[in-house]
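Quick one: this structure, given as structure tokens, is what I'll be asking you about.
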Amino acid sequence: MGIESEGRRPFSFVTRNYLVLTLTSALWNVGFSVTRTYFPLYVFELGGSETAIGIIFALESVGYALSLIVGGQISDMYGRKRLLGLMTLASGVSHLLLAVAPHWQALALASVVVNLCWVMEPAFWAMLADSIDERRRGVAFSVFSCVNFLPWVVMPYVGGYLIDIVGVLTAMRWMYVALATLGVAAGTLRLSMLEETLTPPCGSDRSSIGLKDAGRIMKDALKEHLRTWFSMPSSTFALAATYMIWSFEFGLVEPYWIVYAEEEIGLVPSQWGVIIAVGNVISLLMKSLVVGWVLDRFGRRSVLLAVLAFDTSTYLLFILCRDFVHVLLMWAYASVVWSFYEATYSSIEADMVPKERRGRTYAAFGVAWSVFSIPASLVGGVIYEKVSHQLSFILAAVVVIVCLTVTSRFVHPPEAKGMKRAERGPHGDNT
């Protein structure tokens, strides 16, 4: 009876926490969708080069990795809500440092501060996973991804239009101020409306967190982080290893899509904004109509392997593009492929990690990516600027092939048994 009633309520997975986390994340992405899209151009305006971009991304990874180690420990030992709300406020304010940076070196230091504030990240993903029924994870994470992605449909075009009118420097400074405001609003909503999902273990008094305890928390966090790695099941460790591999794709090409489009193909920011917007519309449609159903129908691992196989071609197609239409068509194809990633990985993580370990394990996943992003970003910047623009994208395709191989051989989430149970429901679907 319970399963049948859930089948008649397609949005039965929407809890209060799920709604607050989804909407505040989408709110913040109104600013992120512009600042992340045009960040490389901002670095150029502040006197940096492609290598400087790599240095900034490497430093960001250092700050992000440290924040995740501490954040995972606090999230599992002291609870999710307070950490998430307070550090969302701090993160919002920290973006003002990016708005006033006078040169790229100051921007690099400000980026480290911003990423240290992402100590909240393990708490966010742990609370989101805690708030979703395991039988509905595919659809729930797909809807989250879809709503979270809505600002990316419009704002990159708006940002590109603003840049064409007032210039990169002015437009980006305005957007960072707006981003700070949105962050403060999101933090206020999270503090006032979220409900704690984890009862801290005995002896873990939330009120004990303070500056005097910073050293103890850091020491305990590092010890627990190492223990998390040693206690990981082999399949979970393999999943973390794929994140290490993915970091090299990021370092090689992620900051340079727009740079390549401008320097090699001749696009202007407003054209790039149109391309991003069209791709995001496609991703939005995929996430809202296709991704969740496919994940719950065919299984997370099978979908991930198929997506990785298709993704190997996107980088090679991009360097074959010669004009706006070519890039638009290539980006449309890539957007179909990329639309599966967030919900697929999030579902697999939730399937593989028990609730009481999610904060620390999610932190380990993030650290795996961040630590390897440091050399990857440095090497990627040098390869793009000093060796070959095209080689960066060719090597990225190779990285995805390696990731596909590792995933195929070693990543085995415990989904098959659950899928069979779901198929015996009254309607024969995964409800």
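Over the C-alpha atoms of segment 62-104, what are the Rg and the largest Cα-to-Cα span, Dmax, in Å?
Looking at segment 62-104, its Cα Rg and Dmax stand at 13.0, 40 Å.
Once the dipole of the chain is set up with Lys and Arg at +1 and Asp and Glu at -1 on Cβ about the Cα centre, which of ALA186, ILE319, GLY85 lies farthest towards its positive end?
Selected residue: GLY85.
Sum up the charges of everything whose Cβ sits under 15 Å from the Cβ of LEU179, counting Lys and Arg as +1 and Asp and Glu as -1, but leave LEU179 out.
Net local charge, LEU179 excluded: +2.
Ranked from the most accessible area to the least, with a 1.4 Å probe and all protein chains present, what is the order of TRP174, TRP272?
These residues rank, largest area first, as TRP174, TRP272.
Now for a separate question. Which whole DSSP H helices in the chain pass both tests: a Cα extent of 30 Å or more along the axis and a mean Kyte-Doolittle value no lower than 0.0?
Membrane-span-like by this rule: 50-78, 137-166, 168-193, 358-382, 389-410.
Using only the Cα atoms of segment 312-393, build the gyration tensor, take square roots of its eigenvalues as a ≥ b ≥ c, and label the shape rounded, prolate or oblate: rounded if a/c is under 1.5, else prolate if a/b is larger than b/c, else oblate. Don't skip to the answer; put the middle values down first.
Values: a/c = 4.69, a/b = 1.54, b/c = 3.04.
Oblate, since a/c reaches 1.5 and b/c is not below a/b.
Is the shape of segment 248-377 rounded, prolate or oblate, going by the alpha carbon gyration tensor and its root eigenvalues a ≥ b ≥ c, with a/c under 1.5 for rounded and a/b larger than b/c for prolate? Walk me through the numbers on the way to the answer.
On the way: a/c = 2.43, a/b = 1.49, b/c = 1.63.
The shape class here is oblate.
A further question on this structure: Just to make sure I understand: if all protein chains stay in place, what is the order of LYS287, LYS386 by accessible area at 1.4 Å, largest first?
LYS386, LYS287
Let me ask something else about it. Please report the spacing between the Cα centers of segment 365-411 and segment 49-82 in Å, no decimals.
Each part's Cα centre sits 19 Å from the other's.
Starting from the 7 Å offset along Cα-to-Cβ, what nm value, one decimal, do you get for the label separation of THR170 and ARG16?
With each label point 7 Å from Cα toward Cβ, the separation is 4.6 nm.
Comparing SER131, SER67, SER231, which has the greatest mean-square fluctuation in the GNM of the chain with Cα pairs linked when under 10 Å apart?
SER231
Could you order ASP351, ASP311 so the one with the most accessible surface comes first? Probe is 1.4 Å.
The residues order as ASP351, ASP311, largest area first.
With every protein chain left in place, what is the accessible area of TRP118 in Å² (1.4 Å probe, nearest 10)?
For TRP118, solvent-accessible area is about 50 Å².
Run the 1.4 Å probe and let me know the accessible area of THR181, rounded to the nearest 10 Å².
90 Å²
What size of dipole, in debye to the nearest 20, comes out for the chain about its Cα centre when the only charges are +1 on Lys and Arg C-beta atoms and -1 on Asp and Glu C-beta atoms?
The calculation lands at about 1220 debye.
Let me ask something else about it. How large a share of the accessible area of segment 309-408, in percent, is made up of carbon and sulfur atoms when the probe is 1.4 Å and the other protein chains stay in place?
Result for segment 309-408: 75 percent of the exposed heavy-atom area is carbon or sulfur.
Specify which labelled value, from (1) 5, 20, 33, 28, 12, 2, 0; (2) 4, 20, 30, 27, 15, 4, 0; (3) 5, 23, 33, 25, 11, 3, 0, agrees with P(r) over Cα pairs in 10 Å bins from 0, in percent derived from the coordinates of the model shown.
(1)
Which whole-angstrom value gives the distance between the alpha carbon centres of segment 264-341 and segment 119-148?
Taking the Cα centre of each part, segment 264-341 and segment 119-148 sit 22 Å apart.
Report the accessible area of ARG358, computed with a 1.4 Å probe over the heavy atoms of all protein chains in place, in Å² rounded to the nearest 10.
Its heavy atoms expose roughly 10 Å² to the probe.
Continuing with the same structure: Based on the Kirkwood radius over alpha-carbon pairs, what is the Stokes-Einstein translational diffusion coefficient of segment 98-186 at 25 °C with 0.890 mPa s viscosity, in µm²/s?
155 µm²/s
The values are calculated or read from the model by the stated rules, or taken from the named source; none is laboratory data. All of these numbers come straight from a predicted model, not from anything done at the bench. Glycine gets a Cβ as well: all are built from the backbone with ideal geometry, and neighbour counts include every protein chain shown. Ligands, DNA and RNA are stripped out before the accessible areas are found, and what is left, the full protein with its side chains, is counted by its heavy atoms. Shrake-Rupley method; radii C 1.70, N 1.55, O 1.52, S 1.80 Å.
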